[in-house]
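The values are calculated or read from the model by the stated rules, or taken from the named source; none is laboratory data. All of these numbers come straight from a predicted model, not from anything done at the bench. Here the Cβ positions follow ideal geometry from the backbone for every residue, glycine too, while neighbour counts run over all protein chains shown. The accessibility values were calculated without ligands, DNA or RNA, using every heavy atom of the protein model including side chains. Shrake-Rupley method; radii C 1.70, N 1.55, O 1.52, S 1.80 Å.
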Amino acid sequence: MLFLPFVLVSCGKGEEQMQVYSELKDVQQLALAEMTLSKVGTIDDMTWEKAKGFSQHMGAFVNNFKPGKRIGVYSYNTYLQAYVDLSELREGDVEVDNERKFVKLVLPEIRTRYIGRDMGIKEEHLRVTGLRSSITPQERAKVKDVMNQALKKEVEGNTEFGIRLKDEARMKAREFFTLLLKNRGYESEITFK
């Protein structure tokens, strides 16, 4: 939890406003919500329908005659974060009414960003039986790359992820700043640009 040391008791009206503004701006970026997105990918033997080129068609042909099964199911996570950059706060975004003990705060817009992804992929299921060949590290690396590209495309094409994450962040920001100011003896109105 973040602690902002507001000392508003002995300041004049203009000083209080500047003090609240300065202390909030010094926080810089405040992380408010995170989301984990998972992607699943599979590896199995090459089939005639998926094959491209002579080499893959030959591999698919040979696979038809091998006994057994070969499948690997893998997953990995990517992490998104919603935050407010308080360094974007302007003096006019903070209004302190000491007589009414009321603070009106207009926060910068909520932003989202990728904050990382799993280094490796997690094996969810693996079955290689009969004369089927083992799944190679190159195949696992390729499926991870395919999952990563597909996940990024899904996130970019689907605004629902960002909307849900930003909504949660706005709710948490309102709760956080309302409670913070209430603990200092102020009622508040928290809005966003």
Across 10 Å bins beginning at 0, the whole-percent shares of Cα-Cα pair distances in the range 26-99 come to 14, 21, 16, 13, 12, 11, 8, 4, 1
Using DSSP, restrict attention to beta bridges with both residues in the chain and report what percent are antiparallel, rounded to the nearest 5. 85
Of Tyr114, Tyr186, ordered by accessible area with the largest first and a 1.4 Å probe, the sequence is Tyr114, Tyr186
Give the angle, between 0 and 90 degrees and rounded to the nearest 10, that separates the Cα long axis of helix 13-26 from the longest principal axis of the Cα atoms of the chain. 20
Solution diffusion estimate, µm²/s, Stokes-Einstein, the range 82-193, Kirkwood Rh from C-alpha pairs, 4 °C, viscosity 1.567 mPa s: 71
Suppose we flag GluC sites (Glu not before Pro) only when DSSP calls them loop and at most 13 other Cβ atoms lie within 10 Å. Which is the longest uninterrupted stretch of the chain? 110-193
Tell me which lysines have Cα within less than 22 Å of Lys166's Cα, excluding those fewer than 8 residues away on the same chain? Lys25, Lys39, Lys104, Lys152, Lys153, Lys193
Assuming 0.36 nm per residue, please report the length gained on full extension of the stretch Asp167 to Glu99 beyond their Cα-Cα distance. 21.2 nm
Can you give me the accessible area per residue for the chain, using a 1.4 Å probe, in Å²? 61
Starting from the Cα of Glu154, step 7 Å toward the Cβ, then list every residue of the range 15-43 with an amide N under 14 Å from that point. 36-42
Gyration tensor (Cα only) of the chain to equivalent ellipsoid, semi-axes in Å sorted down, yields 57, 14, 11
When only Cα pairs under 8 Å and 6 or more residues apart are kept, what is the percent relative contact order across the chain? 27
Rounded to a whole number, what % of the accessible area of the chain do carbon and sulfur atoms account for, probe 1.4 Å? 53
